[in-house]
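Here, each number is a calculation from the coordinates, and none is a lab measurement. In this text, all values refer to a predicted model and were calculated from it rather than measured experimentally.
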Amino acid sequence: TVLVFFHRNPFAHGYQIRADFSTATQLSNGSDVRIAGITVGHVVGIGAGPGDTAQVTMAIGPSGRPVHDDATLTIRPRLILEGNAYIDLHPGTPDAPQLRNGSTLPASHTSVSVQIDQALDVLGQPLRQALTGSIAQLAEGLGSAPGAPPGSAGLRNGVRQLSGALASVTSVSRAIRGTTPG
């Protein structure tokens, strides 16, 4: 009865591989494993790996095989409405040996995408304040100050002034080249 309704054997484990990631906090059991955006498997287990790594066990369906020894995996964020994350699997080159069921890919074959909030956390408070000030000054220079023309007009005026200055730069660069080779 189960085979008729689910079209698969719930007692068969199928083809599973493992991979060691530096972190797997964005994953959960059931997270997708995708090749070129197409779901080919799911995460079936997350546990401690060697050292400070996380070992992720994935069940890969027939459409995701073969997976080779030189395969690479990346944990990527999903779209906002999709949920946490998925594993992007690059199955490797056909010349490399195929991974056997239950094989483990080392952490050197895996990576985790950096989230924008993680990148910004690296910036210290003084640098964040400096960036905020620079962006505010740029906005003011492009015309967002009260009484100034809109930013596009300020940018157009700047381009006109730059094109006038480029004519003299062109003549100077021609003069520097000289009249004969060398």
Please compute the Kirkwood hydrodynamic radius of the range 45-112 from all pairs of different C-alpha atoms, in Å with one decimal. 13.1
Would you kindly state how much longer the chain becomes between R128 and N101 on full extension, computed as 0.36 nm times their sequence separation minus their alpha carbon distance, in nm to one decimal? 4.9 nm
